[in-house]
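Just so it is clear, none of the values below were taken in a lab; they were calculated from the coordinates. Given the structure is predicted, the values throughout are model-derived calculations rather than measurements. Virtual Cβ from ideal backbone geometry, glycine too; neighbours counted across all protein chains shown.
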Amino acid sequence: MNLLTVGTVAFDDIETPHGKAEMAIGGAATYISLAAAHFTDKVLLVSVIGDDFPQDTLDHLKGQGVDLDGLQVKEGEKSFFWAGRYHDNMNSRDTLVTDLNVLADFDPVLPESYKDADYVMLGNLTPAVQMRVIEQLDKAPKLIGLDTMNFWMDNTLDSLLDVLKKIDVLMINDEEARQLSGEYSLVKAAKVIHEMGPSTLIVKKGEHGALLFKDNEIFFAPALPLNEVTDPTGAGDTFAGGFMGYLAMTDDTSFENMKRAIVYGSAMASFCVEKFSIERLVGLEKEDIRDRIRQFVQLVNFDAKL
């Protein structure tokens, strides 16, 4: 099964307690695609870049099975750029620069071969752009996932609520879930959000793992304890790519399989944070992923007498 992903392909300047990276490769669609490509047959990428984006990165994406027919290249223009500085706890950061550049007037256009996508992951963009993608689909995908943030809740809530009616899985952090629902309890928040449209809610809790809510069932997956986190940028998008890629590979959207997909998404995110930018995801081997999954299984496996 293929996976259509829509999001940014960009440059980042990143500063963490462990160092700096300047003009590093970033963007939600980049991380999602690289993670998903380890699982699904084909990733269909929709985004926009300037002519300043390096060809070797595009070649690597193609080499991983990422279809770039939906990637617009604007000659003479610059790619989206973000700069941020992480605090010592690595859980919060300050945005220093956001240059929209080509993203300012981005109109996603789906090639004909993308319009019957099996699975869709809408990265964190304006709800209007996310809706534009949905409207171009010729048939209902087996599952649509969406990421958003509190900025869109503050500024474009009506448009966001319209998009939520069209999707299946919403992926947000605990603060965003509470803001969107108006409920502090994440269990209550999930019920409110289900009524907005998504049948499934994933609450990302960073180093504290992720919660999966579907119908009346709940699953929790821990994050893998790591010796050191170098750069959290893109971890949430990498998680989404692993989650959606695994679902597309197995073509199974049951709650039981989503539980496995959560663990695969968490495993991919654990690789992402070990180095700056996409450095750890480039050259990642299947055996690396299998070993990491084994660590997750050992982390949560136990016997209990009831």
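Restricting to the range 160-178, and then to whatever is part of a helix (DSSP H, G or I) and either among the hydrophobic types (A, V, I, L, M, F, W, C) or more than 20 Å from the chain's Cα centre (by Cα) (or both), can you tell me which residue is farthest from Asn91 (Cα to Cα)? Within the range 160-178, the match that is farthest from Asn91 (Cα to Cα) is Asp162.
Please report, ordered by residue number, the strands (runs of 3 or more DSSP E) entirely within the range 1-120 with at least 1 residues that are more than 30 Å from Thr253 (Cα to Cα) and within 21 Å of the chain's Cα centre (by Cα). Spell out how you get there, then give the answer.
On the way: elements: 2-6, 10-16, 19-26, 42-50, 66-74, 81-86, 93-99.
Ranges flagged: 10-16, 19-26, 42-50, 66-74, 81-86, 93-99.
Only residues that are touching an Asp or Glu at 6+ places or on another chain (Cβ under 7 Å) and part of a loop (DSSP other than H, G, I, E, B) were counted across the range 227-253, and they come to 2.
When Ile289 is tested against (1) closer than 23 Å to Leu122 by Cα; (2) touching a residue at least 40 places away in the same chain (Cβ under 8 Å); (3) in a helix (DSSP H, G or I), only condition (1) is not met.
Looking across the range 203-226 at every residue that is in contact (Cβ under 8 Å) with a residue 24 or more places away in the chain and part of a helix (DSSP H, G or I), the one that is nearest to Val6 (Cα to Cα) is identified as Gly206.
Taking the criterion of being aliphatic (A, V, I, L, M) and in contact (Cβ under 8 Å) with a residue 24 or more places away in the chain, the residues of the range 256-286 that qualify are Met258, Ile262, Val263, Ala267, Met268, Ala269, Val273, Ile278, Leu281, Val282, Leu284.
Residues are listed down the side, and each one gets a yes or a no for (1) crowded, with 24+ Cβ neighbours inside 10 Å; (2) without any contact (Cβ under 8 Å) to a residue 12 or more places away in the chain; (3) over 17 Å from His60 (Cβ atoms); (4) not hydrophobic (A, V, I, L, M, F, W, C):
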position: Leu4; (1), (2), (3), (4): yes, no, yes, no
position: Ala10; (1), (2), (3), (4): yes, no, no, no
position: Asp13; (1), (2), (3), (4): no, no, yes, yes
position: Pro17; (1), (2), (3), (4): no, no, yes, yes
position: Thr30; (1), (2), (3), (4): yes, no, no, yes
position: Lys42; (1), (2), (3), (4): no, no, no, yes
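Just so you know, in the range 187-203 the residues that are out of contact with any helix residue (DSSP H, G or I) (no Cβ under 6 Å at 6 or more places or on another chain) and surrounded by fewer than 21 Cβ atoms within 10 Å (Cβ to Cβ) include one that is nearest to Ala261 (Cα to Cα), and it is Ser199.
Return the total of residues in the range 205-227 being of a type in the set (A, V, I, L, M, F, W, C) and closer than 24 Å to Asp13 by Cβ. Give the steps one after another, and end with the answer.
At the first step, the residues of the range 205-227 found to be of a type in the set (A, V, I, L, M, F, W, C) are 210-213, 218-221, 223-224, 226.
Checking the rest, the ones that are also closer than 24 Å to Asp13 by Cβ come to 226.
Adding up the residues that qualify gives 1.
Selection over the range 137-163 of residues that are of a type in the set (A, V, I, L, M, F, W, C), crowded, with 18+ Cβ neighbours inside 10 Å and in contact with a strand residue (DSSP E or B) (Cβ under 8 Å, 6 or more places away or on another chain) gives a count of 4.
Candidates are the residues of the range 268-306 that are among the small types (Gly, Ala, Ser) and closer than 23 Å to Lys62 by Cα; the one that is surrounded by the fewest Cβ atoms within 10 Å (Cβ to Cβ) is Gly283.
Scan Thr253, Thr230, Thr200 and give me the residue that is touching a residue at least 12 places away in the same chain (Cβ under 8 Å), under 30 Å from Ile14 (Cα atoms) and not aromatic (Phe, Trp, Tyr). Reasoning before the result, please.
Working: Thr253 fails: under 30 Å from Ile14 (Cα atoms); Thr200 fails: under 30 Å from Ile14 (Cα atoms).
It is Thr230.
Does Gly65 satisfy being under 29 Å from Asn173 (Cα atoms) and surrounded by 14 or more Cβ atoms within 10 Å (Cβ to Cβ)? Answer is no for this residue.
The residues on offer are Asp94, Asp69, Asp118, and the sole one that is under 23 Å from Phe239 (Cβ atoms) and touching a Pro at 6+ places or on another chain (Cβ under 8 Å) is Asp118. Candidates are the residues of the range 168-186 that are in contact with a strand residue (DSSP E or B) (Cβ under 6 Å, 6 or more places away or on another chain) and buried (at least 22 other Cβ atoms within 10 Å of the Cβ); the one that is farthest from Leu146 (Cα to Cα) is Ala177.
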